[in-house]
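Asks: Sharing a structure, written as structure tokens. Questions coming.
The values are calculated or read from the model by the stated rules, or taken from the named source; none is laboratory data. On a predicted model such as this, the values are computed, not experimentally measured, just so you know. Neighbour counts are summed over all protein chains in view; Cβ atoms, including those assigned to glycine, are modelled from backbone coordinates with ideal geometry. What goes into the accessible areas is simple: the full protein's heavy atoms, side chains included, and nothing from ligands, DNA or RNA. Shrake-Rupley method; radii C 1.70, N 1.55, O 1.52, S 1.80 Å.
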Amino acid sequence: MATSLSYRRMLEFLNSAASRRFWQIVPRQQFHKTTSKMFANEDDFNAAKERVNLLKEDPGNEAKLKMYALFKQATVGTCKTSKPGAFDFVGKAKWQAWTNLGSLDQESARQKYIDMVQQLLDEQGVTVDGSTTAEEARSTEKFKTLNVTSEDGVYKIMLNRPNKKNALTFDSYNELVKALDTAGKDPTIVLATITGAGDYYCSGNDLNNFMSATPDTMSDMAKDGGVILNKFVSAFIDFPKPLIGLVNGPAVGVSVTILGLFDVVYSTNKATFVTPFSALGQSPEGCSSYVFPKIMGRAKANEVLLFGRKLTADEACDRGLVASVFPDDKFQKETSRLVDEYAKLPKNSMRLSKNLIRSNDKDLLHKVNDAECELLVERWTSDECVQAIMNFFTQKAKL
Ligand code: COA
């Protein structure tokens, strides 16, 4: 659709650095003139006006218009100016926002302005003196099993137990939930990626997770494991921003099934995908019992989920689990380039589109997750499963 000149100008203006002045809103001289009418929380209001400068990120046009309107209402009162002309789009948007506040009294407008500034600062992790930003908080966030970094709107999670092929301990599950929660809430983050350190992407559930159980504690431990897994899968179902899987090597078990909940998966040609649930006396998780047949077709999904057929990267791509496969020597460079490009796209548009796509079966996914976890809790205490895990470690001990 063609964009009119005035509309384009408005967009340019709203996205420009100059728009900071627009939402800080009133020139300093005018600000001092108007504040003479104030009482009660005048100091807080003045402080809020200054603290707007501490925001690290543009809070978006909707927030800026609201702040403008509250400021005008607080300092001037009800809007009595005439509506700007038809082609003054910016002026009209500001006038409309101010007019929408109707007869809200000035003191309430001041308080709302103060609250709004505080809320925006909180969302961006800025403290009273502006010293701690969300980014600084993230960079000091320590995980035992993950390496997490963020840059230019990309939150990068790396599974970081290369000596154990990045097998997922209970700590790993909990830390992934925490990392996704942080990325989801941080307004500076546009999208997140998950990859693995070393030659493996991930060898699935750490089979040691249940090794400390005795026959007496096995049942409780399985139940606790079910709760942890349920929360872990829910974090992927509910993650509000684009999530990209960067499969840098072989993937096993839950690290494969959960890929069905990512928005896009890229893989090196050295990766393989296997879910040896039946061999281990277990059953599918990560909503794969629903998502895999949907994306692969029933028969192809059953080959994987029931019979543990190992897929090459190209097969995973043909079956719709993976979007593109890259030669191993180009994988890091090519995927970084793509991710950086994606992170520059309008973040609200991507977030809302993802929400729309996910909303079609979000409730169903949670139900599937519950059912899968329930069955797994039962399976983990089965003779078949206990025996299979014992075999894994006994065979390793013999090598
Ligand atoms: N749980 C616990 N430990 C694991 C693991 C897992 N899922 N995957 C790998 N490890 C450990 C190994 O025990 C080994 O530990 P060690 O050095 O203390 O002996 C280390 O990681 C390296 O693995 P290793 O088996 O020596 O490497 P490999 O290249 O020969 O084989 C795998 C890699 C992934 C094929 C093999 O480790 C494996 O089959 N792991 C189990 C995978 C699995 O069944 N996951 C659960 C799916 S439901």
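Asks: Determine the pairs where a residue that is under 19 Å from residue 248 (Cβ atoms), located within region 202-219, has a partner that is in a loop (DSSP other than H, G, I, E, B) and open to solvent by 60 Å² or more (accessible area, probe 1.4 Å) with Cβ atoms under 6 Å apart, the partner being 6 or more residues away or on another chain.
Replies: Close Cβ pairs (under 6 Å, with a partner that is in a loop (DSSP other than H, G, I, E, B) and open to solvent by 60 Å² or more (accessible area, probe 1.4 Å)) amount to 203/165.
Asks: Looking only at residues that are open to solvent by 20 Å² or more (accessible area, probe 1.4 Å) and in contact with a strand residue (DSSP E or B) (Cβ under 6 Å, 6 or more places away or on another chain) in region 196-215, which one is farthest from residue 277 (Cα to Cα)?
Replies: That would be 203.
Asks: Yes or no: residue 376 within 16 Å of the ligand (Cβ to nearest atom), touching a Pro at 6+ places or on another chain (Cβ under 7 Å) and open to solvent by less than 80 Å² (accessible area, probe 1.4 Å)?
Replies: Values: within 16 Å of the ligand (Cβ to nearest atom): yes; touching a Pro at 6+ places or on another chain (Cβ under 7 Å): no; open to solvent by less than 80 Å² (accessible area, probe 1.4 Å): yes.
Spelling it out, it is not the case that residue 376 is within 16 Å of the ligand (Cβ to nearest atom), touching a Pro at 6+ places or on another chain (Cβ under 7 Å) and open to solvent by less than 80 Å² (accessible area, probe 1.4 Å).
Asks: If you don't mind, another one. Taking region 199-222, which residues are part of a loop (DSSP other than H, G, I, E, B), within 10 Å of the ligand (Cβ to nearest atom) and not acidic (Asp, Glu)?
Replies: 200, 203, 204, 211
Asks: Suppose we filter 302, 360 for residues that are under 23 Å from the mean Cα position of the chain (by Cα), polar (S, T, N, Q) and in the same structural domain as residue 183 (by TED's automatic domain parsing); which single one remains?
Replies: 360
Asks: Any chance region 355-362 includes a residue that's within 15 Å of the ligand (Cβ to nearest atom) and open to solvent by less than 60 Å² (accessible area, probe 1.4 Å)? Break it down stepwise before answering.
Replies: Going residue by residue through region 355-362, those that are within 15 Å of the ligand (Cβ to nearest atom) are none.
Checked against the condition, which is being within 15 Å of the ligand (Cβ to nearest atom) and open to solvent by less than 60 Å² (accessible area, probe 1.4 Å), region 355-362 yields no hits at all.
Asks: Same structure, new question: In region 34-53, which residue that is of a type in the set (A, V, I, L, M, F, W, C) and modelled with pLDDT of 85 or more is most open to solvent (accessible area, probe 1.4 Å)? If you could, list the steps in order and put the result at the bottom.
Replies: Kept after step one, since they are of a type in the set (A, V, I, L, M, F, W, C), are these residues of region 34-53: 38-40, 45, 47-48, 52.
When the remaining residues are screened for being modelled with pLDDT of 85 or more, the result is 45, 47-48, 52.
Working: 45: 0, 47: 45, 48: 5, 52: 1 Å².
My answer is 47.
Asks: Would you call residue 226 surrounded by fewer than 23 Cβ atoms within 10 Å (Cβ to Cβ), at positive phi and within 16 Å of the ligand (Cβ to nearest atom)?
Replies: Values: surrounded by fewer than 23 Cβ atoms within 10 Å (Cβ to Cβ): yes; at positive phi: no; within 16 Å of the ligand (Cβ to nearest atom): yes.
So residue 226 fails the test.
Asks: Which number in (1) within 11 Å of the ligand (Cβ to nearest atom); (2) assigned to a strand (DSSP E or B) marks the one condition that residue 193 misses?
Replies: Answer for residue 193: the failing condition is (1).
Asks: Do we have any residue at all in region 229-240 that's within 13 Å of the ligand (Cβ to nearest atom), under 24 Å from residue 374 (Cβ atoms) and out of contact with any strand residue (DSSP E or B) (no Cβ under 9 Å at 6 or more places or on another chain)?
Replies: no
Asks: Something else: Based on what the data block shows, is residue 258 open to solvent by less than 30 Å² (accessible area, probe 1.4 Å), away from the ligand (no atom under 16 Å from the Cβ), over 18 Å from residue 388 (Cα atoms) and of a type outside the set (D, E, K, R)?
Replies: Numbers: open to solvent by less than 30 Å² (accessible area, probe 1.4 Å): yes; away from the ligand (no atom under 16 Å from the Cβ): no; over 18 Å from residue 388 (Cα atoms): yes; of a type outside the set (D, E, K, R): yes.
So residue 258 fails the test.
Asks: A further question on this structure: For region 228-242, what are the residues that are among the aliphatic types (A, V, I, L, M), touching a residue at least 60 places away in the same chain (Cβ under 8 Å) and out of contact with any Leu (no Cβ under 6 Å at 6 or more places or on another chain)?
Replies: Passing the criteria: 229, 233.
Asks: While we're here: Which of (1) within 19 Å of the chain's Cα centre (by Cα); (2) within 16 Å of the ligand (Cβ to nearest atom); (3) hydroxyl-bearing (Ser, Thr, Tyr) is the odd one out, the single condition residue 155 does not satisfy?
Replies: Here residue 155 meets the rest and fails (2).
Asks: Let me ask something additional. Working carefully through the options 119, 96, 111, find the one that is within 22 Å of residue 42 (Cβ to Cβ), assigned to a helix (DSSP H, G or I) and free of Cβ contacts under 8 Å to residues at least 40 places away in the same chain. Break it down into steps so the answer makes sense when it comes.
Replies: Values: 96 fails: within 22 Å of residue 42 (Cβ to Cβ); 111 fails: free of Cβ contacts under 8 Å to residues at least 40 places away in the same chain.
Going through 119, 96, 111 in turn, just one is within 22 Å of residue 42 (Cβ to Cβ), assigned to a helix (DSSP H, G or I) and free of Cβ contacts under 8 Å to residues at least 40 places away in the same chain: 119.
Asks: Now for a separate question. Determine whether region 272-281 contains at least one residue that is assigned by TED's automatic domain parsing to the domain that holds residue 379, of a type in the set (A, V, I, L, M) and in contact with a Leu (Cβ under 6 Å, 6 or more places away or on another chain).
Replies: no
Asks: Follow-up. Go through region 66-85 and give me each residue that's within 15 Å of residue 105 (Cα to Cα) and of a type in the set (Val, Ile, Thr).
Replies: Selection gives 75, 76, 78.
Yes/no per residue for (1) open to solvent by less than 30 Å² (accessible area, probe 1.4 Å); (2) at pLDDT below 95:
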position: 106; (1), (2): no, yes
position: 110; (1), (2): yes, yes
position: 127; (1), (2): no, yes
position: 145; (1), (2): yes, no
position: 156; (1), (2): no, no
position: 162; (1), (2): no, no
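The rows are residues; the columns are (1) farther than 25 Å from residue 364 by Cβ; (2) in a helix (DSSP H, G or I); (3) within 15 Å of the ligand (Cβ to nearest atom).
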position	(1), (2), (3)
273	no, no, yes
277	no, no, yes
282	no, no, yes
303	no, yes, no
307	yes, no, yes
315	yes, yes, no
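Asks: Got a number for residues in region 358-399 being in contact (Cβ under 8 Å) with a residue 40 or more places away in the chain, assigned to a helix (DSSP H, G or I) and β-branched (Val, Ile, Thr)?
Replies: Final tally of qualifying residues: 4.
Asks: Among the residues of region 331-348, are any touching a helix residue (DSSP H, G or I) at 6+ places or on another chain (Cβ under 7 Å) and in the same structural domain as residue 232 (by TED's automatic domain parsing)? Can you show your working first?
Replies: Of all residues in region 331-348, those touching a helix residue (DSSP H, G or I) at 6+ places or on another chain (Cβ under 7 Å) come to none.
Among the residues of region 331-348, not one is touching a helix residue (DSSP H, G or I) at 6+ places or on another chain (Cβ under 7 Å) and in the same structural domain as residue 232 (by TED's automatic domain parsing), which makes the answer no.
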